[in-house]
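A short write-up of the structure that comes next.
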Amino acid sequence: TKTISKCYVQVTGMTCASCVANIERNLRREDGIHSILVALMAGKAEVRYNPAVIHPSAIAELIRELGFGATVMENCGEGDGILELVVRGMTCASCVHKIESTLMKTNGVLYCSVALATNKAHIKYDPEIIGPRDVIQVIKDLGFATSLVKKDRSASHLDHKQEIRQWKRSFVVSLVFCIPVMGLMIYMMVMDSQLADAHAHRNMSSEEMEALHSSMVLEYQLLPGLSVMNFLSFLLCVPVQIFGGWHFYIQAYKALKHKTANMDVLIVLATSIAFVYSFVILLVAMAEKAKVNPVTFFDTPPMLFVFISLGRWLEHVAKGKTSEALARLISLQATEATIVTLGPDNVLLSEEQVDVELVQRGDVVKVIPGGKFPVDGRVIEGHSMVDESLITGEAMPVTKKPGNTVIAGSINQNGSLLISATHVGADTTLSQIVKLVEEAQTSKAPIQQFADKLSGYFVPSIVAVSVVTLFAWIIIGFVDFEIVEKYFLGYNKSISAAEVIIRFAFQASITVLCIACPCSLGLA
């Protein structure tokens, strides 16, 4: 007997089913090629050949001559079928050994491991020689009940509803508290500029002066050192910090635990420092019964959280859209198949309903009118029209006669067909599409990876810069106090120069942190 080897060729440049037919037809004619099977979505050809006559590289060359790109795939383990079973009725280690040794003796089983504790069996097999039904039969013959591990078909792991809800809530909370803070801030700015004008001109009418004084209500001190403005900002800032920032804190904590710094660390750092600093400054001012209200940064956290949670919310909504499409795709898969046994002259001997996962390559599957094709295959008998719009988008049904290929998930319309399964399980066109979409979802865009990498360096460098700022100002202050005096307006003359310098230095370094944190790079 001549030995038959198997190789896999990665084929690029295939656009439709006719490319597949073209490759298969031309290669079958070649000497030494036993059979060829091409999967369009996976871009993979499985060739069985006689190594005495032809080599894999020559096969790839033949495909190249047809105008496609082709490379021989080294890891041929791709073709192994993997089976997960639940085995009931095992009582001890000897049962496990019995199952494992019997399966390993079975032709076509490459690897097998049975776990007594979980009642699970993990089996690798060669789909050319043996299939899942045969394996299950072997275990049943040994006297154990066995069934497939049920796969979750609902695509629930792709569901972004919870994240969408969480970020939406975070955004709304931040927004509700952010608007008043922004309002107060703008109001203060306008009033400050008017006040400056008033001081410059001096010749304002008494009514205008009145208006200005009434606007200074916000600067009015509830307690010495605590103005209405700062008090309101503080009240509005607390809930945002807790509810709006909750998820950021969790993420940042996790990142720091793994000694990395991501966007979340920056956000948390800036908002927390702004908040804590402002709070401490207020306490100090109250303790000193300061006449001039301190400059606080209570407006930073709410505004920051608003922008960022809005961004995250939109991102998850977009992801959710893709997932919905994917879930619909997954729901197109048939769940059961009718397998028939044919006698001579294609006479139906028997038929049985099985799970789609149990269909083996080479099985003959019967598809009734209105039924879905459970696997990719080739028509053996029957004529029908098939709606393939799920793959091709073409609304017109396609005629199928013996020799035509059919796609899993498409719908048979008017005639009954017998098909021979060519691609089953994870190799069907539909499974491949689902896999591609899933991969696209989980992989990051290159620019995103780049931004993450940058913010890894960005966070520590910003922290470093603000520390440098702190020390630089302290040094400047002690060398030349005039400069600090010029920039640090309205400090209380009663406190010592050293304290003024340190306070000013802190204010400068915090400002660096707060402003650099929401940098456009990170947000974008």
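The values are calculated or read from the model by the stated rules, or taken from the named source; none is laboratory data. Nothing here was measured: the structure is a model prediction, and the numbers come from that model. Heads up, the Cβs are rebuilt from the backbone with ideal geometry, glycines too, and the neighbour counts pull from every protein chain shown. With ligands, DNA and RNA removed, areas are computed over all heavy atoms of the protein, side chains included. Shrake-Rupley method; radii C 1.70, N 1.55, O 1.52, S 1.80 Å.
Conditions (1) free of Cβ contacts under 8 Å to residues at least 60 places away in the same chain; (2) not in a loop (DSSP other than H, G, I, E, B), marked per residue:
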site	(1), (2)
SER309	no, yes
HIS316	no, yes
GLY320	no, yes
ILE339	yes, yes
GLN353	yes, yes
MET385	yes, yes
ALA408	no, no
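Residue-by-condition table, conditions (1) touching a residue at least 40 places away in the same chain (Cβ under 8 Å); (2) among the aromatic types (Phe, Trp, Tyr):
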position	(1), (2)
TYR49	yes, yes
ALA58	no, no
CYS92	no, no
ILE123	yes, no
### Task
Give the residue that is most open to solvent (accessible area, probe 1.4 Å), with candidates limited to residues of the stretch 89-134 that are over 39 Å from the mean Cα position of the chain (by Cα) and within 17 Å of LEU148 (Cα to Cα).
GLY89
### Message
Just the residues that are within 35 Å of the chain's Cα centre (by Cα) and either closer than 18 Å to SER18 by Cβ or buried (at least 17 other Cβ atoms within 10 Å of the Cβ) (or both), please, taken from the stretch 48-71.
### Response
PHE68, GLY69, ALA70
### Query
among the hydroxyl-bearing types (Ser, Thr, Tyr), on the phi < 0 side of the Ramachandran plot and out of contact with any strand residue (DSSP E or B) (no Cβ under 6 Å at 6 or more places or on another chain): does that describe THR91?
yes
### Task
Return a yes/no flag: does the stretch 179-189 have any residue that is modelled with pLDDT under 80, of a type outside the set (Val, Ile, Thr), outside the structural domain of ASP355 (by the TED database) and surrounded by fewer than 13 Cβ atoms within 10 Å (Cβ to Cβ).
yes
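Based on this model, can you work out whether TYR487 counts as at pLDDT below 75, open to solvent by 40 Å² or more (accessible area, probe 1.4 Å), closer than 26 Å to ASP299 by Cβ and not assigned by the TED database to the domain that holds GLU288? Show your work before the answer.
Values: at pLDDT below 75: yes; open to solvent by 40 Å² or more (accessible area, probe 1.4 Å): yes; closer than 26 Å to ASP299 by Cβ: yes; not assigned by the TED database to the domain that holds GLU288: yes.
Judged against the criteria, TYR487 is a match.
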### Query
Restricting attention to the stretch 358-368, which residues are open to solvent by 60 Å² or more (accessible area, probe 1.4 Å) and in contact with a strand residue (DSSP E or B) (Cβ under 6 Å, 6 or more places away or on another chain)?
ARG361
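Residue-by-condition table, conditions (1) under 30 Å from GLY382 (Cβ atoms); (2) in the same structural domain as LEU236 (by the TED database); (3) modelled with pLDDT under 80; (4) open to solvent by 40 Å² or more (accessible area, probe 1.4 Å):
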position: ALA274; (1), (2), (3), (4): no, yes, yes, no
position: LEU283; (1), (2), (3), (4): no, yes, no, yes
position: THR300; (1), (2), (3), (4): no, yes, yes, no
position: PHE305; (1), (2), (3), (4): no, yes, no, no
position: HIS316; (1), (2), (3), (4): no, yes, yes, no
position: SER323; (1), (2), (3), (4): no, yes, yes, no
position: ARG328; (1), (2), (3), (4): yes, yes, yes, yes
position: THR338; (1), (2), (3), (4): yes, no, no, no
position: SER350; (1), (2), (3), (4): yes, no, no, yes
### Task
Those residues that are modelled with pLDDT under 90 and more than 22 Å from THR15 (Cα to Cα), I need them from the stretch 58-84; list them, please.
GLU74, ASN75, CYS76, GLY77, GLU78, GLY79, ASP80, GLY81, ILE82, LEU83, GLU84
### Query
Looking at TYR253, is it outside the structural domain of SER509 (by the TED database), out of contact with any Leu (no Cβ under 7 Å at 6 or more places or on another chain), modelled with pLDDT of 70 or more and open to solvent by 50 Å² or more (accessible area, probe 1.4 Å)?
yes
